[in-house]
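Nothing in this text is a laboratory measurement; each read-out follows from the coordinates by a stated rule. None of the values given here were measured: they were computed from a predicted structure. So basically every Cβ, Gly included, is an ideal-geometry build from the backbone, and we count neighbours across all protein chains shown.
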Amino acid sequence: MKPIEGMIVPIVTPLDEQHQPDFHALRRVCEIQIQAGIDVIFVLGTTGEFYGLSQRQQRQVVETALETANGRVGVIAGVSGHSTQVSLEALRDYAGCGLSAYVSSTPYFMRYSQNELVNHFRVLSDAAKEPIVLYNYPDRYGHRIDIESIRELLDDKRVFGIKDTDGNFEYMCQLLELKKAFPEFRVFEGALPNLARSGRLGLDGSVQALANLLPVECASLWRQIDNGQWESLDIDVARMWTFHQEIQAVDGFIQAMKACMSLRKWCGATTALPMQPIGTESLRRLRDMMDRTYPSWTEA
């Protein structure tokens, strides 16, 4: 298995105009990421719109990404769901496919105690043959995974790592402190505005959705972290975060990013229902933003 480290792309799931997965476009997008130097492909995350796909379609996404990667980079898959049973069904469906790890958010819809969350991850760990990566994103999934809960899971050797998209820098520092007691614990930064700071503190990798649109630039961010090029990292992260906020203000981040990818002719702009793709005027605004911030985008 390829190591799970470096710059990780939570890959989009291209959809056709009938809102069905476009596997030809998915292969193209995965290949673009690999050629750009992205280290790991993460399918069926939030950006991958797993919630808009049937279980059969999710399995096909996993298989397509693995076939395209063909061992050149690691492939990990989300098994997030609204209940432990749903996550278990996904995990079992992907067993033996050749994934490097599973990624699971907290269950959503209902409110759960930390004890219930710990039990959720224990059940998944018991069923999995591949490593489990926790996914902490309270704004999206409704729960923060407490540091003591993570410590409990680490004591039991139940988790491999965590992707944190909370954006709380103090929490990230606590994760990195926990790593000192558990050196095999992998910590991945998912909050772009914190990457320049947390990158200095011993991260194992970063998961950045904008890598879908800017794979070369995101791969470069991790190379700068590897080489300790802090001044250029600060500049590039600040520019990318400003761009992220600008396109998100147009009409939601996933819609805007897929629209920008359609401008690059990498995939269509269709999003999972009930989300609707953006209109012509918004597309023009996005083109102007890309021309201004990343003027060489049309050359790739």
The stretch 68-130 - percent relative contact order, Cα under 8 Å, separation 6 or more: 39 percent
Within the stretch 6-235, percent of DSSP bridges classed antiparallel, to nearest 5: 5 percent
Among S87, S149, S198, residue whose mean-square fluctuation peaks in a GNM of the chain (springs only between Cα atoms under 10 Å): S149
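Please say if the stretch 29-120 is rounded, prolate or oblate, where rounded means a/c under 1.5 for a ≥ b ≥ c the square roots of the C-alpha gyration tensor eigenvalues, and otherwise the choice is prolate for a/b larger than b/c and oblate otherwise?
Here the stretch 29-120 falls in the prolate category.
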Taking the stretch 161-289 and dividing mean pair separation by its residue count, relative contact order in percent (alpha carbons under 8 Å, at least six apart): 17 percent
Under the span-like rule (Cα at least 27 Å along the axis, Kyte-Doolittle mean at least -1.0), DSSP H helices of the chain: 230-251
Cα-based shape type of the stretch 245-284, given that a ≥ b ≥ c are square roots of the gyration tensor eigenvalues and the cut on a/c is 1.5: rounded
For the chain, built as a Gaussian network whose Cα springs stay under 10 Å, the top-fluctuating residue of L233, L263, L273: L273
Cβ-based net charge around D93, under 15 Å, with every Lys or Arg adding one and every Asp or Glu removing one: +1
Most fluctuating residue given options V187, V207, V123, as computed from a GNM of the chain linking Cα atoms under 10 Å: V123
Share of pairwise Cα separations in the chain, more than 36 Å, in percent: 11 percent
Candidate lysines for bridging to K157, where Cα separation is under 17 Å - those fewer than 8 sequence places away on the same chain excluded: K129, K179, K180
Cα-based reach from K2 at 13 Å (exclusive), listing aspartates and glutamates while leaving out same-chain residues under 8 positions away: D39, E130
Trypsin sites (Lys or Arg not before Pro) lying in DSSP loop within the stretch 46-123, provided at most 16 other Cβ fall within 10 Å: R72, R111
Average Cα contact separation per residue, the stretch 6-235, under 8 Å, 6 or more apart, as relative contact order %: 20 percent
